[in-house]
Amino acid sequence: MKKTFINKTKNYIPSLNLNDIELLKDLRENYLPIRRILINTIKIDKTKFAFNNEIYKWTIDNIINNFNIDFWDPILVSEDNYLLDWQHRLRACHILWIKFIDALIEKGR
C-alpha cells in the first residue's frame, strides 16, 4: 500500500479519481464533479447522510496516519451543499486544516 505524507500546511489535496475520464462518463448523468469546494461551506444534516453511521476517531486517525492518495476520493454533497457521504474524510480535513476538497454533487438531491 502506497502511503503519502500529508503536509499540514497544504490547504488542498486533489482527488486523483476526479480525473478518471472513464469513471466520470458513467457518473455524469447523476453527478457533477467539482474541484476545490470550500470545506467550511459544506452543511451537515445527519438525516441527509447516505449512511448515518457514527463518526469513529479510529477511522479518522487511520485516514490521517495511513493516508493513501489512491483512496482520496471526492466527497459526496447535495446540490444545496449538504454532505451526503464521506463524513470521516471531511472530519480529517478539519483536523488537518485543509480548506478545500474535491466533491461530487448529486444532481436532484
- Note on the structure: Counting only residues that are within 25 Å of Trp58 (Cβ to Cβ) and either touching a Leu at 6+ places or on another chain (Cβ under 7 Å) or surrounded by fewer than 19 Cβ atoms within 10 Å (Cβ to Cβ) (or both), the range 74-87 contains a total of 8
- Task: Taking Asn81 as the residue in question, decide whether it is modelled with pLDDT of 90 or more and on the phi > 0 side of the Ramachandran plot.
- Result: yes
- Message: Filter the range 27-48 down to the residues that are assigned to a loop (DSSP other than H, G, I, E, B), at pLDDT below 85 and in contact with a strand residue (DSSP E or B) (Cβ under 8 Å, 6 or more places away or on another chain) and list them by number.
- Response: Asn30
- Item | Lone qualifier among Asp80, Asp73 - being closer than 21 Å to Asn11 by Cβ and in contact (Cβ under 8 Å) with a residue 24 or more places away in the chain | Asp73
- Just need a number here: residues in the range 28-86 that are closer than 17 Å to Gly108 by Cβ and of a type in the set (Val, Ile, Thr). 2
- Query: Right, Ile60: part of a loop (DSSP other than H, G, I, E, B), surrounded by 13 or more Cβ atoms within 10 Å (Cβ to Cβ) and not hydroxyl-bearing (Ser, Thr, Tyr) or not?
  - Reply: no
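Being free of Cβ contacts under 8 Å to residues at least 60 places away in the same chain and surrounded by fewer than 19 Cβ atoms within 10 Å (Cβ to Cβ) is the filter here, so list the residues in the range 92-107 that pass it. Show your work before the answer.
Looking only at the range 92-107, we keep the residues that are free of Cβ contacts under 8 Å to residues at least 60 places away in the same chain, and these are 92-95.
Residues satisfying the conditions are His94, Ile95.
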- Over the range 55-73, the set of residues touching a Phe, Trp or Tyr at 6+ places or on another chain (Cβ under 8 Å) and not aromatic (Phe, Trp, Tyr) is Asp73
- Task: Would you please name the residue that is modelled with the highest pLDDT, looking only at residues in the range 63-78 that are part of a loop (DSSP other than H, G, I, E, B) and over 11 Å from the mean Cα position of the chain (by Cα)?
- Result: Asn66
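The values are calculated or read from the model by the stated rules, or taken from the named source; none is laboratory data. Since the model is a prediction, treat every value here as computed from it, not as a measurement. All Cβ positions, even for glycine, are placed from backbone atoms using ideal geometry, and neighbour counts span all protein chains on display.
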